[in-house]
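Data block below; observations after.
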Amino acid sequence: MSSKTIVAATRRLPAACEARLSSHYDFRPGDDELAYTPRLLADHAAGASALIVSPCDRIDREAIAALPASIKIIASFSVGFEHIDIDAAKGGNLRVTNTPGVLNDATADIALLLILGASRRALEGRRCLEDGGWQGFRPTLLVGTQITGKRLGIVGMGGIGAAVAKRAQAFGMTVLYHNRKPAQDAADCRFFNSLEEMMPHCDVLSLHLPLTNETQGLIDADKLAWLPAGAILINTARGGLIDDDALIAALKSGKVAAAGLDVFAGEPKFDRRYLDLPNVFLLPHLGSATVETRTAMGMIAITNINAVLSGKEPPYPVV
Ligand code: DGY
């Protein structure tokens with residue numbers, strides 16, 4: 001039996017991260033196909049000192065209670081940590097860490113991809129080719145909305161929001177934002193104290209805030225009514241921020257012209273009614289999915305683990 005400290009992960013990690021973990025620890029990679037129940041998770045983590053988890057793993061009170069006492073740290077391979085019961089972790093004397101900062105650019109790129117995909121009807125264009133219905137250039141075929149000169153409202157002006165603002169400005173958009181307080185990193189963007197004040201001015205609304213008890217279902221029918229008719233809604237943050245019933249109704253009525261969604265409530269499940277709507281451009285939670293970013297996230301998770309297991313303060317603690 002190995003005498004090395006065991007580090008378990010619920011998922012496969014980027015190659016460079018697995019190599020680094022294997023050179024220091026007895027590394028136990030996870031199973032990408034498995035939905036870990038508390039029992040399966042506890043079995044997988046048996047004897048381990050650290051556990052690396054991902055946003056789709058539900059690390060609730062029951063899962064935390066079932067973990068072996070050897071676990072000292074739950075290192076999330078994500079910035080968001082709404083999938084972890086933080087109070088239960090505190091109660092169990094577990095450290096929880098995350099990976100902020102390094103995914104701002106990758107996620108902002110995907111937000112722009114969604115803005116363009118939704119506004120320029122990319123899904124319908126692709127389907128037109130697939131269906132064999134394309135008869136060549138037509139002046140009125142699949143015309144979308146030009147984003148140049150349009151107003152983008154950003155909800156949550158943290159690192160990702162600021163990176164989206166910079167890109168949108170380069171596309172000639174005017175950027176408005178709502179945040180708890182005016183952000184330092186928001187040159188030439190207009191601050192609004194409330195969503196109610198900002199949303200009527202947004203041709204495109206993009207969400208960049210964490211999912212918490214307060215923000216769950218934030219974008220509901222009442223809020224969607226504040227948008228101008230024909231606005232576009234973008235979500236690269238968390239699916240639970242949006243009331244799906246309300247958004248689907250607004251997409252059907254044309255109140256919201258199009259949506260670009262990378263995240264869904266209850267992932268990997270998602271509301272399959274979105275698939276029937278031509279004006280919705282969907283991706284499967286790819287915001288941070290570049291080799292560079294995912295590797296950087298993994299390296300941060302490892303640095304957090306190394307610190308905790310050697311009795312030091314981790315660089316990115318949640319608790
Ligand atoms: C995160 O880090 O929370 C992201 O959703 C992963 O892309």
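Take the residues in the range 241-276 that are of a type in the set (D, E) and in a helix (DSSP H, G or I); name whichever of them is farthest from D222 (Cα to Cα).
D276
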I'm checking my understanding of the structure. Among residues of the range 79-93 that are over 21 Å from V7 (Cβ atoms) and in a loop (DSSP other than H, G, I, E, B), which one is farthest from the ligand (Cβ to nearest atom)? D85
Out of (1) within 15 Å of the ligand (Cβ to nearest atom); (2) more than 30 Å from D131 (Cα to Cα); (3) open to solvent by less than 30 Å² (accessible area, probe 1.4 Å), what's the single condition that is false for D262? (2)
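Residues V102, V96: which one is within 16 Å of the ligand (Cβ to nearest atom), open to solvent by 20 Å² or more (accessible area, probe 1.4 Å) and aliphatic (A, V, I, L, M)?
Details: V96 fails: open to solvent by 20 Å² or more (accessible area, probe 1.4 Å).
Testing whether each residue is within 16 Å of the ligand (Cβ to nearest atom), open to solvent by 20 Å² or more (accessible area, probe 1.4 Å) and aliphatic (A, V, I, L, M) leaves just V102.
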Is it the case that L211 is crowded, with 20+ Cβ neighbours inside 10 Å, assigned to a loop (DSSP other than H, G, I, E, B) and within 16 Å of the ligand (Cβ to nearest atom)? yes
Run G91 past the list (1) under 26 Å from V175 (Cα atoms); (2) surrounded by fewer than 15 Cβ atoms within 10 Å (Cβ to Cβ) and report the number of the one that doesn't hold. (1)
Selection from the range 185-195 of residues open to solvent by 20 Å² or more (accessible area, probe 1.4 Å), within 13 Å of A163 (Cα to Cα) and not charged (D, E, K, R) yields A187, C189
Report every pair of residues separated by at least 6 positions or lying on different chains whose Cβ atoms are under 8 Å apart, first residue within the range 283-301 and over 16 Å from V53 (Cβ atoms) and within 10 Å of the ligand (Cβ to nearest atom), second open to solvent by 30 Å² or more (accessible area, probe 1.4 Å) and assigned to a loop (DSSP other than H, G, I, E, B). T293/V102
Looking only at the range 105-130, count every residue that is away from the ligand (no atom under 16 Å from the Cβ) and closer than 19 Å to L233 by Cα and tell me the total. 10
Go through the range 277-302 and give me each residue that's surrounded by fewer than 20 Cβ atoms within 10 Å (Cβ to Cβ), within 17 Å of the chain's Cα centre (by Cα) and outside any helix (DSSP H, G or I). L282, L283, P284, L286, A289, T290
Given the conditions (1) touching a strand residue (DSSP E or B) at 6+ places or on another chain (Cβ under 7 Å); (2) more than 16 Å from the ligand (Cβ to nearest atom), report the number of the one that A246 does not fulfil. (1)
Taking the range 169-199, which residues are over 18 Å from T148 (Cα atoms) and among the aliphatic types (A, V, I, L, M)? A183, A186, A187, L195, M198, M199
Provide a single number: the residues in the range 303-315 that are over 16 Å from R28 (Cα atoms) and open to solvent by less than 40 Å² (accessible area, probe 1.4 Å). 4
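For the structure I just gave you, tell me whether L67 is without any contact (Cβ under 8 Å) to a residue 12 or more places away in the chain, within 22 Å of I6 (Cα to Cα) and not assigned by TED's automatic domain parsing to the domain that holds A237. Talk me through it step by step, then tell me what you get.
Working: without any contact (Cβ under 8 Å) to a residue 12 or more places away in the chain: no; within 22 Å of I6 (Cα to Cα): yes; not assigned by TED's automatic domain parsing to the domain that holds A237: yes.
So L67 does not fit the description; no.
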Does L40 satisfy the condition of being among the aliphatic types (A, V, I, L, M) and assigned to a loop (DSSP other than H, G, I, E, B)? no
Name every residue in the range 1-32 that is assigned to a helix (DSSP H, G or I), open to solvent by less than 60 Å² (accessible area, probe 1.4 Å) and not small (G, A, S), in order of residue number. C17, E18, L21
Could you check how many residues of the range 55-78 are away from the ligand (no atom under 16 Å from the Cβ), over 16 Å from L40 (Cα atoms) and open to solvent by less than 30 Å² (accessible area, probe 1.4 Å)? 1
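The values are calculated or read from the model by the stated rules, or taken from the named source; none is laboratory data. As the structure is a computational prediction, the values presented were derived from the model and not from experiment. Methodologically, a virtual Cβ is constructed for each residue, glycine included, from the backbone with ideal geometry; neighbour enumeration extends over all protein chains shown. Ligands, DNA and RNA are stripped out before the accessible areas are found, and what is left, the full protein with its side chains, is counted by its heavy atoms. Shrake-Rupley method; radii C 1.70, N 1.55, O 1.52, S 1.80 Å.
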